[in-house]
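S.K.: Just passing along the structure, written as structure tokens.
The values are calculated or read from the model by the stated rules, or taken from the named source; none is laboratory data. Here the structure is a predicted model, which is why all the values come from computation and not from measurement. For neighbour counting, all protein chains shown are included, and Cβ atoms are generated from backbone atoms with ideal geometry for every residue, glycine included.
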Amino acid sequence: MIDPALYDQARDRIAANGFTPEIQTKISLLLCAAKNGNALFHSGVQWVPNFGVVQQFILSQYSREIEAVTLLGRTTHWSQNPMLATEGARIIAPLTLAWGQVMAPPGPMFNPQAAYRGITLGHAQLARIRLLPVIPEKIDPQDPYVVALQRIEQENGRMLQTQIRLLKNIGTELPLEEREALVEQDQLLVDGVFSEFLAWLAAA
Amino acid sequence: MPTIQYGHHQVNYELSGEAGRPVITFLNGLTQNANLWKTYAAHFVPRGYRVLAYDMLGQGRSSKPVIDIKLSMHADLLDHLLTELGIEKTHLASISFGGIVGLDFAIRYGKRLHSLTAMSTFAELTPQLDLLGAVMLQGLAEVGLPYLQSMLYPMNMSSDWIAANRERIPAMKRAGYIGNDAYAMQNLMESFVEFQPLTPALKKITVPTLVMNGEFDFFTPRECHETIRREIANSRLLIIQRAYHAFTLEMPEVTMRQIEIFLQQVESDTWQGDQSVWIAADDPTAETQWLPLAGDWNRAVQIAPPNGPSKAKRTTAAAPRRKSAPRKATS
């Protein structure tokens, strides 16, 4: 579980200064990196043979992740400070690396373990990267960036259903305990990145 | 919070009070956690008890399985936790989702119990509960956790409480949103797919059992508690006046007082499990706490005998009578 104090500090920072270009840029860098990783994975597995109805969910999630990235790209008031991108890349690096491992040749389409990892990593991202608690109560609810964050988070919950159903029903020889351990492992990874991100958001 | 391992799961718990004293274990409902029993620990520890509360799997800071969690696993976990902590027997007080776990534990691990307090709970899914559960699950999956949270406040709390706390609710929802994970809630709710009614096994519960139900609880209404009362011979049903589903949160003083009286009866061997029905005094300082009940406790209205005594103000007007049939038109 992510320390609630980290959410409070990030929210207080935003309440004090508003959604400045720096704040928006930090948030969008994280979300875009996470969503690009998940979209890349979905683009890699959407033509797995015999997927049946699951293929539609995979294609749908791929499209919605791209939509979210596009929405963020359009609504973010981007900062011109290149150091933000550098620091953001450093914080997000564990996620970038994990998605790189999933996509490494021969790729998830031909590597069941990588495919399973892609699902657990996607689950962890959609479930644990939650930004609604950093939105201050007194912020303008019509602010386009706030609206975008809310829509993306609500959509994350819906998309998560694909990962939940796959994790529960996917045919694998891995024992249940091992599968749960893999899920938990990626949750810890995402929690680590997101905790550091929240601290960065709260920093001056 | 200290932790124990249960398989590959981590379970966070809080145990307060001196070793050697009788233990009360509290189990919470969905979207809640062990912290909510701190008030209860503060009440019972100075009164000579130890209080054990823990985050059930899928909640709070304990592990949150994604793939599978059988309903029966919760009772197995409690058995394991008690063993790990060196607690041979405990009093168990549980509410709502925790209440089902409490009943299951009492059925399968009854030897580890001194007593059972089952609050705002059920032993089987009535058709109403079945549909309500499906709607809650649908709302959680299709709209999200904030929707479920918004739905639960009016289902759990009274209008008075909501009016008094309206400004605090957004902050409480935010804390709940941070502390809970939608997928873990969903997993707990989906465990009901394989839920088999506990009703046929309730007769196996022989420990003193206090069943507590809010007067106005429309989430788990009287019929749910009546089933439990009827099937457990060593039980009593206690109705909490003007209470809704989450009376442990809304009326902690009243609830703690009732549990305290029950435990005193159990420990002094004065408990009479006779399946009788009582009403809890709404003043926890009142001398008489369990008030006798008149009438049918399964009804929301009480029909007075035609000329019998009634506290209700009687109208002086004559009772409406059926009009005589219209006369046939004569030609």
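S.K.: It is to be established whether one or more residues within the range B:105-125 are buried (at least 24 other Cβ atoms within 10 Å of the Cβ), touching a residue at least 24 places away in the same chain (Cβ under 8 Å) and in a helix (DSSP H, G or I).
M.R.: Yes, the range B:105-125 contains at least one residue that is buried (at least 24 other Cβ atoms within 10 Å of the Cβ), touching a residue at least 24 places away in the same chain (Cβ under 8 Å) and in a helix (DSSP H, G or I).
S.K.: Tell me yes or no: at least one residue of the range A:187-198 is in contact with a Phe, Trp or Tyr (Cβ under 8 Å, 6 or more places away or on another chain) and over 23 Å from A:THR25 (Cβ atoms).
M.R.: Looking for residues that are in contact with a Phe, Trp or Tyr (Cβ under 8 Å, 6 or more places away or on another chain) and over 23 Å from A:THR25 (Cβ atoms), one finds none in the range A:187-198, hence no.
S.K.: Restricting to the range A:1-48, name every residue that is within 14 Å of another protein chain (Cβ to nearest Cβ) and closer than 30 Å to A:ALA114 by Cβ.
M.R.: A:MET1, A:ILE2
S.K.: Then there's this: Using the structure shown, decide if B:GLN275 is surrounded by 11 or more Cβ atoms within 10 Å (Cβ to Cβ) and more than 25 Å from B:HIS43 (Cβ to Cβ).
M.R.: Considered against the rule, which asks whether it is surrounded by 11 or more Cβ atoms within 10 Å (Cβ to Cβ) and more than 25 Å from B:HIS43 (Cβ to Cβ), B:GLN275 comes out as yes.
S.K.: Another one. Take the range B:161-201 and flag every residue that is among the basic types (Lys, Arg) and away from every other protein chain (no Cβ under 11 Å).
M.R.: If the condition is that a residue be among the basic types (Lys, Arg) and away from every other protein chain (no Cβ under 11 Å), then B:ARG166, B:ARG168 are the ones that fit.
Residue-by-condition table, conditions (1) under 17 Å from the mean Cα position of the chain (by Cα); (2) hydrophobic (A, V, I, L, M, F, W, C); (3) at pLDDT below 95:
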| position | (1), (2), (3) |
| --- | --- |
| B:ILE4 | no, yes, no |
| B:ARG21 | no, no, no |
| B:ARG47 | no, no, no |
| B:GLY58 | no, no, yes |
| B:ARG61 | no, no, yes |
| B:LEU85 | no, yes, no |
| B:ASP104 | yes, no, no |
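S.K.: Another question, then. Considering the range B:81-120 alone, what residues qualify as being closer than 19 Å to B:HIS9 by Cβ and in contact with a Gly (Cβ under 9 Å, 6 or more places away or on another chain)?
M.R.: Selection gives B:PHE97, B:GLY98.
S.K.: Still on this structure, please answer the following. What are the residues in the range A:73-106 that are in contact (Cβ under 8 Å) with a residue 24 or more places away in the chain and either under 13 Å from the mean Cα position of the chain (by Cα) or within 30 Å of B:ASN187 (Cα to Cα) (or both), if any?
M.R.: A:ILE92, A:PRO94, A:LEU95, A:THR96, A:ALA98, A:TRP99, A:VAL102, A:MET103
S.K.: Select the helices (runs of 4 or more DSSP H) contained entirely in the range B:180-284, then report the ones holding at least 2 residues which are closer than 30 Å to A:ARG165 by Cα and more than 16 Å from the chain's Cα centre (by Cα).
M.R.: By residue number, B:182-190.
S.K.: Any residue that is over 21 Å from B:ALA246 (Cα atoms) and not acidic (Asp, Glu) - is there at least one of those in the range B:156-174?
M.R.: no
S.K.: Restricting the search to the range B:66-83, which residues are under 13 Å from B:ALA184 (Cβ atoms), surrounded by fewer than 24 Cβ atoms within 10 Å (Cβ to Cβ), over 22 Å from the mean Cα position of the chain (by Cα) and not acidic (Asp, Glu)?
M.R.: Matches in the range B:66-83: B:ILE67 only.
S.K.: Restrict the check to the range B:63-71 and report whether at least one residue is facing chain A (nearest Cβ under 10 Å), in a loop (DSSP other than H, G, I, E, B) and either more than 25 Å from A:LEU188 (Cα to Cα) or basic (Lys, Arg) (or both).
M.R.: For the range B:63-71, residues facing chain A (nearest Cβ under 10 Å), in a loop (DSSP other than H, G, I, E, B) and either more than 25 Å from A:LEU188 (Cα to Cα) or basic (Lys, Arg) (or both): present.
S.K.: Return the residues of the range B:1-45 that are more than 14 Å from chain A (Cβ to nearest Cβ), of a type in the set (Gly, Ala, Ser) and surrounded by 18 or more Cβ atoms within 10 Å (Cβ to Cβ); say none if nothing qualifies.
M.R.: Scanning the range B:1-45 gives B:GLY17, B:GLY29, B:ALA41.
S.K.: Criterion first (aromatic (Phe, Trp, Tyr), in contact with a Leu (Cβ under 7 Å, 6 or more places away or on another chain) and under 17 Å from A:ILE164 (Cβ atoms)) does B:TYR177 satisfy it?
M.R.: no
S.K.: Hand me the list of helices (runs of 4 or more DSSP H) wholly inside the range A:97-204 holding 2 or more residues that are facing chain B (nearest Cβ under 10 Å) and within 17 Å of A:MET1 (Cα to Cα).
M.R.: The helices (runs of 4 or more DSSP H) meeting that bar are A:112-128, A:176-202.
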